[in-house]
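Structure first, commentary second.
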Amino acid sequence: MNTDKWINDYIQWMKTKYSIKSFDDGDEIMTPFTNIIGDRIAIYVSQIDDNEIQLSDDGNTLNDLVLLGIDINSNVRLRIIKDILQSFKVQLTSDQVLKINGKKEDFPIMKQSLIQTILRIDDLLMTRKSNVKNLFFEDVMSYFDDKEFKGLPNYPVTGGSGNTYKISYAIGKSKSRPLQLIQILNNADFQRISAEIVTFEDLRGNIDYKKNNMNYSVVFNDIDNSISDKTKNIAQIRGLDIIPWSNKETILKLRN
């Protein structure tokens, strides 16, 4: 096998796929790699001093995600971005520009680090689709931790029928408040809310909850999924407390 030749051929092919455009304040390097919208990834090189240069994406990476409807300021996504930046030693400026500074001789490593960072952050587009359910749950859990709700996740409860249920989050009762159960839903459609009503009514049939009182609330993702008037109406008629994720003021009241 002539692997060395294949590698050399690949390197030569890669070189033909790069193009450079010069500006007064630096150069634009068009790479053969493509971003989430199918465009070739551009990186920008500027000179800081005689020995140091800066590479950046000019803010394009995160701006593209925002334009595609990704909330890059959610707790979970911010944590993912932070981990990626730390892995490749890339910085994020206050105006959402990815950049890396270093010596001229380190250009190959710097370029590779920035490209890898851009490609990894581009993968956040997938969180709008296949992983959004888990991400939303983690987002809410992170918020509860930050705001010191001091509850327990995946709390098991038993209904009056004897059926057991697992509730997303529970805050224990105290002298001044009853047990607070919080179910977290990514998609609060009519079918899912109807199922939560059945759970809620079964729990109210448990004599222990009747005696000691219990609050049951549903926090749902209204950022990525809308809720119909039909669904809101059935929840209101049956006394189920549903709270949109965007209404943080009401959610905060659940911890008191």
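Key figures
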item	result
Answer from Y165, Y143 - the residue that is surrounded by 15 or more Cβ atoms within 10 Å (Cβ to Cβ) and either at pLDDT 90 or above or under 18 Å from the mean Cα position of the chain (by Cα) (or both)	Y143
Residue ID - surrounded by the most Cβ atoms within 10 Å (Cβ to Cβ), chosen from residues in region 207-223 that are farther than 22 Å from N256 by Cβ and modelled with pLDDT of 85 or more	N221
Pairs where the first residue, in region 75-88, is assigned by TED's automatic domain parsing to the domain that holds I100 and in contact (Cβ under 8 Å) with a residue 60 or more places away in the chain and the second is of a type in the set (D, E) and assigned to a helix (DSSP H, G or I), C-beta under 7 Å, 6+ apart	N75/D139; V76/E138; V76/D139
Meets criteria (in contact (Cβ under 8 Å) with a residue 60 or more places away in the chain and surrounded by 20 or more Cβ atoms within 10 Å (Cβ to Cβ)) for I182	yes
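The values are calculated or read from the model by the stated rules, or taken from the named source; none is laboratory data. Note that the structure is a prediction, hence the values are computed from the model and not measured. When we count neighbours, we look across all protein chains shown, and the Cβ atoms used for this are built from the backbone with ideal geometry, even at glycine.
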